[in-house]
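These notes concern the structure reproduced below.
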Amino acid sequence: MTGTLSIYFAHRFDPDTDLEQTLYAFDDLVRSGKILYPAVSNWAAYQIATALGISRKEKIAEFVCIQPMYNLAKRQAEVELLPLAETENLAVVSYSPLGGGLLTGKYGIDKKPSSGRLLEIDKYTKRYNLYQYYETAERFTSHAKEHTIDPATLGVAWVLSHPAVTAPIIGARNLEQLQASLNAIDVEMTPEWRQEISALFPEPPPATDRLEETM
């Protein structure tokens, strides 16, 4: 049985393979009908921009979508990746909108569930091992309760409200968790509310690191 993949991701940048070779491999996949659109996940903005330049110069298939990590606790994508996506009209299918469970209301300074990815999976434990993450997660949970909304719903809604984000990837262990994430589509996130929520977490410095110009 043969078929065509709608979208195919290069999950990580391969430093051991010539970038042009990678791009021609994707072009071959498109031309042979195996995939419709090439995309990348976990690439830096300069790597994506370089790839787009090569593809346009060589007149071969271009990346049309990126898949960065993006949530309230991990906002690095705001610095260059999301602006690049808006400028180049790239779709953004971001992952981990709830920080591996950090933003579901189950975690706080002295609050942890009996099980969960942050406790059981090493990469999540390392990714969110700073005290500040749990401190701000607790503030976020309090904010959600003040607005009588499930923290998971609000966390996904915040990600979805960024103008560059096409759709966040959601995950759930049961139907209740799934429904909480799906409810985000009905949240009316105003710019003012988004800014209020954003202020609960540290904002990443600008790409040029000229902090004084943002004050």
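Here, each number is a calculation from the coordinates, and none is a lab measurement. All of these numbers come straight from a predicted model, not from anything done at the bench. A quick note on method: Cβ atoms are made from the backbone with ideal geometry, for glycine too, and the neighbour counts reach across all protein chains shown.
For segment 153-168, putting each phi into the Karplus relation 6.51 cos²θ - 1.76 cosθ + 1.60 with θ = phi - 60° gives couplings of 4, 5, x, 5, 4, 4, 4, 5, 6, 5, x, 8, 7, 7, 6, x Hz, in residue order, rounded to whole numbers and with x for Gly and Pro.
Within the chain, antiparallel bridges make up roughly 5 percent of the DSSP beta bridges whose residues both belong there. Per residue, the chain reaches -11500 deg cm²/dmol at 222 nm when only DSSP H runs of four or more residues are counted, each adding -39500 (n - 2.57).
Backbone geometry of segment 177-189 corresponds, through the Karplus equation with coefficients 6.51, -1.76 and 1.60 at θ = phi - 60°, to 3J(HN,Hα) couplings of 5, 4, 5, 4, 6, 5, 5, 4, 5, 9, 7, 8, 8 Hz, x marking Gly and Pro.
Let me check against my output: what whole-number percent is the relative contact order of the chain, with C-alpha pairs under 8 Å and at least 6 apart? Relative contact order comes out at 17 percent.
Separation of segment 96-154 from segment 161-197 is 15 Å, based on Cα centroids.
A convex hull fitted to the Cα coordinates of the chain yields 166 cubic angstrom per residue.
Only the Cβ atoms of Lys and Arg (+1) and of Asp and Glu (-1) were treated as charged; on that basis the dipole of segment 144-215 about its Cα centre amounts to roughly 280 debye.
Structure shown: which of Lys34/Lys126; Lys123/Lys145; Lys74/Lys111 lie over 26 Å apart, alpha-carbon to alpha-carbon? Violating the 26 Å limit, Cα to Cα: Lys34/Lys126; Lys123/Lys145. Taking the empirical scaling 2.2 N^0.38 Å for compact globular proteins as reference, segment 142-196 has a Cα radius of gyration ratio of 1.10. Rounded to the nearest whole Hz, the Karplus-based 3J(HN,Hα) values (6.51 cos²θ - 1.76 cosθ + 1.60, θ = phi - 60°) of segment 200-208 follow the sequence 6, 10, x, 8, x, x, x, 4, 8, with x at glycine and proline. For Tyr8, the residues 5 or more places off, or on other chains, whose built amide H falls under 5 Å of its own are Tyr37, Ala39. Dipole magnitude for segment 14-63: about 260 debye, using +1 per Lys or Arg Cβ and -1 per Asp or Glu Cβ, origin at the Cα centre.
Taking a ≥ b ≥ c as the square roots of the Cα gyration tensor eigenvalues, with a/c under 1.5 meaning rounded and otherwise prolate when a/b beats b/c, else oblate, which class fits segment 100-208? Judged from the Cα gyration tensor, segment 100-208 comes out rounded (a/c under 1.5).
Database remark: amide H of Leu200 closer than 5 angstrom to no amide H (H placed geometrically; neighbours at sequence offset of 5 or more, or on other chains; Pro and chain starts carry no H). The trypsin sites (Lys or Arg not before Pro) of segment 123-211 that DSSP puts in a loop, and whose beta carbon has at most 14 other beta carbons within 10 Å, are Arg173, Arg210. Among residues other than Leu90 with Cβ under 14 Å from its Cβ, the summed charge is -3 (Lys and Arg +1, Asp and Glu -1).
Here the chain is assigned +1 on the Cβ of each Lys and Arg and -1 on the Cβ of each Asp and Glu. Its dipole about the Cα centre then comes out at about 620 debye.
Out of all Cα-Cα pairs in segment 17-93, roughly what percent, to the nearest whole number, are more than 20 Å apart? Distances greater than 20 Å cover 31 percent of the Cα pairs. One way to sum up the overall shape of segment 66-131 is the equivalent ellipsoid from its Cα gyration tensor, whose semi-axes run 28, 11, 10 Å, largest first. Give the residue from Tyr70, Ala167, Leu119 lying farthest towards the positive end of the charge dipole for segment 53-204; charges sit on Cβ (+1 for Lys and Arg, -1 for Asp and Glu) and the dipole is referred to the Cα centre. So the residue furthest toward the plus end is Leu119.
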